[in-house]
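Reading through the structure tokens given below for one structure.
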Amino acid sequence: MTATSSGMVFPSAGKRLLIYVVWDRRGQVDDFIPVALAGLRQHAETVLVVVNGALSAEGRAKLAPVSDEILVRTNTGFDIGAHRDALRHVGERIAQFDEVVLTNDTWFGPIRPWSPVLARMNSRAVHFWGLTDHARESPNPFTGEGILPYHLQSYWIAVRREMFLSEAWRDYWRDLPAMDGYFDAVLKHEVVFTEHFAELGFTHAAAFPLSDYDTENPSLFNAEQLIDDGCPILKRRPFFHWPPFLDVHAVVGRWTLAKVASHGFPMEVIWQNLARNVPPKILNADAGMLEVLPDVDVAYDQNRPMSIVVIAHIFYDEMTDEILDRADGLPGPYDLVVTTPDPERAARIEAIIARRRGASDGRSEVRIVESNDGRDQSAFLIGCRDLLLGHAYDLVVKLHSKKTPQDGFNVGRHFKEQQFDNLLRNPGYIANLMALFQREEGLGIVYPPMIHIGYPTLGRAWWANKPNFERVADELGIRVPLDDVSPLAPYGSMFIARPQALRLLAQHPWTYEQFGGEDAYRDGGLAHVLERMPSYAAGESGYHTRTVSTFDYMSISHTALEFKLDEMSFTIPGNAYEKIDFLRHSGWVGTGSARDIWRMYRRRNNPAIVERAVAVVEPLRRIARRLRGMLRRD
């Protein structure tokens, strides 16, 4: 059962079997996967791709040129179950190989060439090796107790002949326990694999050992250093991990991606995958996707002009000149389509347009919409559906005559300026914004950051919209994971976007009746739901979002945010991650009554009792509510 040697080198003419696991919630294959497999193809005798779950015909067509065999299985047991089934599938043929690599789709690459790394590890006399390793930790961060053993990270485990032909190897995979959840996969396999085989005398090594770095998990915390040292891969996790946790470790995803781009890696495949599979607000934070743009044009390529249509819903026709002043800052001519709810407004708007715009400025049109139910949302998605589904424009600029008089002068003024200034401040600023689209073909939509001055959006921007959002997203086929606390969204409903990024929204057969009724302009109504939808719809189509701001607005916004966060953090010990964790585990503060404080105390100090109490009390509450209803009816 134990090793009979201290290890073996990989022979000069050796054969390598690569087993690569894919999982996609849509049954598709994102473009980064063929890139990863193509980079390894020359280093493997055989490439076996294992797909957990469904595989579309398009996905199979992407995998076929970069693999020798494709095995589709039920999505159970995560990548560990897939590796086990792949080994069973290979069976006795495994004896043909000198090394088996167990890997998966949790990384982007090759960022740096594979050849130097493989040549270095080929010469190491070991039984198994990984690219990176993880330090021993006490207590185990997954359980809060015991020990997390030192281990090679399971996204890349290369095993040599003596080990994979051993009885110990066969026993391990035969006796592998069920993996019902992510923590099972970590605790029952990843963190025990290295220690299990090391205790049996099998030797191991890491290509980029943590002893060369200053953290317990270099693949997460030291990605840039790993790339500098020649590591071929970039883990995907730094771009979907919880931002406050990365904040504690000063992991700056924007710098990491700049490092990746400097080595010529095709960034579009990274953005496509992240946009489709990461909650947009988490991605926005992890990758540092706020662009603070200067007022002087430093980036726009005049030799690559973009065809632009401005779609403006104008209810307050006295704002027509102001809107056109902003739009006229766009580089070059643009087409203008104005929607408005009645002929009288339309006539006044047309007169202003005729006074201001000539034939060389682009086409102009005023459309009278059938109903003002849904306001700018319905006017855009119904009244201008033909423009969004057509192919005449590279970009659409969505504006409307925003006043917000119901919120008072100061709040309304700030909201309007926050929208218009951060989208269309002046010609130099706008040119730099347009250059973002020139630079990144996968950029789908840009808009100002979340409004938080004058509005209590922080921590509650879903309001009552999330249940209906989930319903509508499901109806539209949007599977991008939702953000938990607040969505990444164009609050104020002004943005600049590629029409293709909005196609899922525009092609749906909306009706004006859906936007009407008693709840039309309340949270949970369709207009408010769709206001929060663009980044998720764009992400489903593989387009990512960036938020944009002027230097002036960022000086206002950041100082206000910093002060508010400082004040909210004052009474809670620890760093930001610990403060947030404390509050989340404490639960809803409510009104701060004695009952609320007691509930929070019990939730923090004995959550099991709280859960049991809820299980007992909630049925009694339901009975009480029914009795009260019966008494009222009597």
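The values are calculated or read from the model by the stated rules, or taken from the named source; none is laboratory data. Being a predicted model, the structure only gives us computed values, none of them experimental. Here the Cβ positions follow ideal geometry from the backbone for every residue, glycine too, while neighbour counts run over all protein chains shown.
Of the residues screened, ALA501 is one that is under 19 Å from ALA537 (Cβ atoms) and either aromatic (Phe, Trp, Tyr) or crowded, with 19+ Cβ neighbours inside 10 Å (or both). Residues considered: ASP474, ASP483. Of these, the only one that is free of Cβ contacts under 8 Å to residues at least 24 places away in the same chain and either under 18 Å from the mean Cα position of the chain (by Cα) or under 20 Å from ALA275 (Cβ atoms) (or both) is ASP474.
Residues in the range 178-211 that are closer than 12 Å to PHE128 by Cβ and polar (S, T, N, Q): THR194, THR203.
Picking from residues in the range 323-338 that are without any contact (Cβ under 8 Å) to a residue 40 or more places away in the chain and assigned to a helix (DSSP H, G or I), the one that is surrounded by the fewest Cβ atoms within 10 Å (Cβ to Cβ) is ASP325. For ASP24, the test of being in the same structural domain as PHE202 (by TED's automatic domain parsing), over 28 Å from the mean Cα position of the chain (by Cα) and of a type in the set (D, E, K, R) is failed. Look at (1) assigned to a strand (DSSP E or B); (2) more than 30 Å from LEU424 (Cβ to Cβ) and you find that VAL548 fails only one, number (2). May I ask you to list the residues in the range 82-102 that are in a helix (DSSP H, G or I) and surrounded by 14 or more Cβ atoms within 10 Å (Cβ to Cβ)? Of everything in the range 82-102, those that are in a helix (DSSP H, G or I) and surrounded by 14 or more Cβ atoms within 10 Å (Cβ to Cβ) turn out to be ALA82, HIS83, ARG84, ASP85, ALA86, LEU87, HIS89, VAL90, ILE94.
Listed here are the residues, each with its yes/no results for (1) buried (at least 16 other Cβ atoms within 10 Å of the Cβ); (2) among the basic types (Lys, Arg).
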{"position": "THR2", "(1), (2)": "no, no"}
{"position": "VAL9", "(1), (2)": "no, no"}
{"position": "TRP23", "(1), (2)": "yes, no"}
{"position": "VAL35", "(1), (2)": "yes, no"}
{"position": "GLN42", "(1), (2)": "no, no"}
{"position": "LEU63", "(1), (2)": "yes, no"}
{"position": "ARG73", "(1), (2)": "yes, yes"}
{"position": "ASP79", "(1), (2)": "yes, no"}
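Considering the range 163-212 alone, what residues qualify as being part of a helix (DSSP H, G or I), surrounded by fewer than 20 Cβ atoms within 10 Å (Cβ to Cβ), more than 31 Å from the chain's Cα centre (by Cα) and in contact (Cβ under 8 Å) with a residue 24 or more places away in the chain? Selection gives GLU167, ALA168, ASP171, TYR172, TRP173, GLU195, HIS196. Which one is farthest from PHE380 (Cα to Cα) among residues in the range 259-311 that are among the aromatic types (Phe, Trp, Tyr) and over 14 Å from the mean Cα position of the chain (by Cα)? Checking each candidate, the answer is PHE265. GLN225 meets all of the listed conditions (1) out of contact with any helix residue (DSSP H, G or I) (no Cβ under 6 Å at 6 or more places or on another chain); (2) within 30 Å of THR4 (Cβ to Cβ) but one, namely (2).
Right, LEU274: more than 26 Å from ARG532 (Cα to Cα), outside the structural domain of GLN28 (by TED's automatic domain parsing) and part of a helix (DSSP H, G or I) or not? No, not satisfied.
If you go through the range 255-266 one residue at a time, do you hit one that is of a type outside the set (A, V, I, L, M, F, W, C), in contact (Cβ under 8 Å) with a residue 40 or more places away in the chain and crowded, with 16+ Cβ neighbours inside 10 Å? No, that holds for no residue. No other residue among ALA44, ALA95 is over 26 Å from HIS196 (Cα atoms), out of contact with any Gly (no Cβ under 8 Å at 6 or more places or on another chain) and hydrophobic (A, V, I, L, M, F, W, C) apart from ALA44.
Once the range 376-403 is narrowed to residues that are surrounded by fewer than 21 Cβ atoms within 10 Å (Cβ to Cβ) and of a type in the set (Lys, Arg), the residue that is modelled with the highest pLDDT is ARG385. The residues of the range 58-87 that are within 19 Å of ILE157 (Cα to Cα) and either free of Cβ contacts under 8 Å to residues at least 40 places away in the same chain or of a type in the set (Val, Ile, Thr) (or both), listed by number, are ILE80, ASP85.
Among the residues making up the range 404-416, those that are buried (at least 16 other Cβ atoms within 10 Å of the Cβ) and of a type outside the set (A, V, I, L, M, F, W, C) are THR404, GLY412, HIS414, LYS416.
With a requirement of 1 or more residues that are under 35 Å from the mean Cα position of the chain (by Cα), the helices (runs of 4 or more DSSP H) lying completely within the range 339-442 that satisfy it span 375-381, 385-389, 409-424, 427-439.
When GLY492 is tested against (1) in contact with a helix residue (DSSP H, G or I) (Cβ under 6 Å, 6 or more places away or on another chain); (2) at pLDDT 95 or above; (3) under 25 Å from GLY383 (Cα atoms); (4) crowded, with 20+ Cβ neighbours inside 10 Å, only condition (2) is not met. Is it the case that some residue within the range 456-463 is without any contact (Cβ under 8 Å) to a residue 40 or more places away in the chain and at positive phi? Scanning the range 456-463 turns up at least one residue that is without any contact (Cβ under 8 Å) to a residue 40 or more places away in the chain and at positive phi.
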